[in-house]
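Visitor: I am attaching a structure below and will ask some questions about it afterwards.
Please treat every number below as a calculation from the coordinates, not as lab data. Nothing here was measured: the structure is a model prediction, and the numbers come from that model. Glycine gets a Cβ as well: all are built from the backbone with ideal geometry, and neighbour counts include every protein chain shown.
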């Protein structure tokens, strides 16, 4: 029996050796990459970093936006700045703001907390990483490891990315560029290809990472809470389940609301007949604002 076990181990080692020799380069764990590049892990080494995402359709830039993340002042939470073409989002020291054109909205959290809001940014994966990937190759050049993985697109990817050209039967690929010393990813290139053609690859997304030695003053223009007005959200007005939340908003801000994915309708009147239009409503000159809410 002992000889059989030893023989089995030898055969297993030979098989692993043969399979490994067929794979260009060395095996690189995708789980380790994701773990090393979680925002929490990155911000232990760097006070801040920026991720820039560029989407491509038919070889041309379709959309680009950036996300800046830093530790909060007490290092117990995180500040986030997300820059889009026409809208900037700020999550700073427990408060959330949205700037659209010249308008600055203070975003009230009707459901959920600040911590839950920033937690959405504390992941490294994108929807295109939620597939079962296998390694195609890896190689090292000038202190950088390049490793490529491929997968069958998941149902979620197919549902969300049809406009990018990803269809059933395609192969989905991702190429990581990793600094050998810091183990941090500098860039990820995503592509798709016909499953029968190894060379005809179409790039649809590039994620680039810039790690900073100091924080950027991106939040310096935000107002403080020294001069505020009150906003009350009254839930289920006139019913036994009526409840009320109070918020203090810096003067000069308009009102926005984050429902944390819950379906809630907001109204200007207690009878809930006049929808609250956040884009046209002006809080200028008001000391108190009441908003009435019904859960859908």
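Visitor: Among the numbered conditions (1) more than 30 Å from residue 33 (Cα to Cα); (2) out of contact with any strand residue (DSSP E or B) (no Cβ under 6 Å at 6 or more places or on another chain), tell me where residue 228 comes up short.
Guide: Unmet for residue 228, out of (1) more than 30 Å from residue 33 (Cα to Cα); (2) out of contact with any strand residue (DSSP E or B) (no Cβ under 6 Å at 6 or more places or on another chain): (2).
Visitor: Still on this structure, I have one more. State yes or no: is residue 119 surrounded by fewer than 13 Cβ atoms within 10 Å (Cβ to Cβ) and under 19 Å from the mean Cα position of the chain (by Cα)?
Guide: Details: surrounded by fewer than 13 Cβ atoms within 10 Å (Cβ to Cβ): no; under 19 Å from the mean Cα position of the chain (by Cα): yes.
Here the answer is no, as residue 119 does not meet what is asked.
Visitor: Another question, then. Give me a count of the residues in the range 91-147 that are in contact (Cβ under 8 Å) with a residue 12 or more places away in the chain, out of contact with any helix residue (DSSP H, G or I) (no Cβ under 9 Å at 6 or more places or on another chain), over 18 Å from residue 233 (Cβ atoms) and in a strand (DSSP E or B).
Guide: 14
Visitor: Next question. Of all residues in the range 179-202 being within 20 Å of the chain's Cα centre (by Cα) and in a strand (DSSP E or B), which is farthest from residue 142 (Cα to Cα)? Lay out the reasoning, then the answer.
Guide: First, pick out the residues of the range 179-202 that are within 20 Å of the chain's Cα centre (by Cα): 184-191.
Narrowing further to those that are in a strand (DSSP E or B): 185-191.
Numbers: 185: 15, 186: 14, 187: 15, 188: 17, 189: 19, 190: 22, 191: 24 Å.
Ranking the qualifying residues of the range 179-202, first place goes to 191.
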